[in-house]
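Remarks on the structure that follows.
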Amino acid sequence: MAERLNFQDEINRNKMKSIFLIGIILVFFVIMGYVVSMFFEPGFFFIIMIVSIIVSLLYILISYYKSDKIALASVKAKPASSLSHRQLINSVESMSIASGLPMPKVYVMESEQINAFASGRNPENAVICVTTGALNKLSKQELEGVIAHEMAHIANFDIRFMTLTAVMVGMISIAAEIFLRSLWFSGGGKDRDGKAGAILLILGIVFAILAPITAQLVSLAISRKREFSADATGVKFTRYPIGLRNALEKIKRDHIEDTDKKKYAKAMAPLFISNPFSAKNISGLLSTHPDINERIRRLNVM
């Protein structure tokens, strides 16, 4: 018999893994700063770091404070109707009470896919959006499982957490870009003679190219861990893992058979309960979501 998973242990474990991965990104940023300082004067090094921080913060903060409006507009979502979507609104109200969170605004988007997402910078400014496919294909318990998962993202402040991750990845990418361009225009930064200097220059360039890519891969790993945490927290709210598990089973089949050609913005993928661009929901290093079969397995033993 498979060992039972405690949902609270699962939540804590995935939170610690997310924090550890954030630490890795921070280490990359520090190393990036060290690499820059090796090739340029300290004054120029601080300019690069400050510019990368300011640009990244401005870009992300604008998106952060408008995240719910941007997300809803990109999928042409409409407010849920108290008449046509009574069951959906009741499910959100139930999960709001179970989680102790304010009632989020509820929206519906036209799509045959079974999917849903949550957005908003905090619980007081949160929204939940569900596809018409989810409303038509999920039972009451399955829909509550999906809503609980999305409420979990709100409760865990995942939008804020992923915004922090995006800021740090953005800083690394901008610093690396400025560094490489500066090397080109300055002819190599500080004068370095001999074979050792050439090797150091090559290593610096290689790191500047690979650091943003690696940081982005770590960011995707964090996104996958947050999905596991949201599954476990959703179980905490419903005390009924079968609802979410059965919903994921339907999502798995739905994506394989899906003929819906609706286009989503690529940046929206991490928000959904399952990646709308992944035909079979199979995870990998470049995936925003964990393997759906692994998510189902964990829910089976909770």
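The values are calculated or read from the model by the stated rules, or taken from the named source; none is laboratory data. The shown structure was predicted, so the numbers you read here are calculated from the model rather than taken from an experiment. Every residue, glycine as well, gets a Cβ built from its backbone with ideal geometry; the counts of neighbours run over all protein chains shown.
Brief remarks on what is shown
- One residue from 230, 208 being aliphatic (A, V, I, L, M) and closer than 25 Å to residue 140 by Cβ: 230
- Across the range 163-185, the number of residues qualifying as surrounded by fewer than 22 Cβ atoms within 10 Å (Cβ to Cβ) and under 11 Å from the mean Cα position of the chain (by Cα) comes to 3.
- Some residue of the range 186-205 being polar (S, T, N, Q) and at pLDDT below 85: yes
- Taken over the range 83-93, residues that are closer than 21 Å to residue 148 by Cβ and without any contact (Cβ under 8 Å) to a residue 40 or more places away in the chain amount to 4.
- Being at pLDDT 90 or above and either out of contact with any strand residue (DSSP E or B) (no Cβ under 6 Å at 6 or more places or on another chain) or farther than 22 Å from residue 62 by Cβ (or both) is a property that does not hold for residue 160.
- Note on the range 233-277: residues that are polar (S, T, N, Q), more than 18 Å from the chain's Cα centre (by Cα) and either within 22 Å of residue 71 (Cα to Cα) or modelled with pLDDT under 70 (or both) total 1.
- Only residues that are modelled with pLDDT under 90 and of a type in the set (A, V, I, L, M) were counted across the range 219-232, and they come to 3.
- Those strands (runs of 3 or more DSSP E) of the range 13-131 in which 1 or more residues are at pLDDT 75 or above and among the polar types (S, T, N, Q) occupy 116-119, 127-131.
- Extreme residue, farthest from residue 227 (Cα to Cα), among residues of the range 109-132 that are aliphatic (A, V, I, L, M) and buried (at least 22 other Cβ atoms within 10 Å of the Cβ): 109
- Scanning the range 1-12 for residues that are polar (S, T, N, Q) and either modelled with pLDDT of 70 or more or surrounded by 17 or more Cβ atoms within 10 Å (Cβ to Cβ) (or both) yields a single hit, 12.
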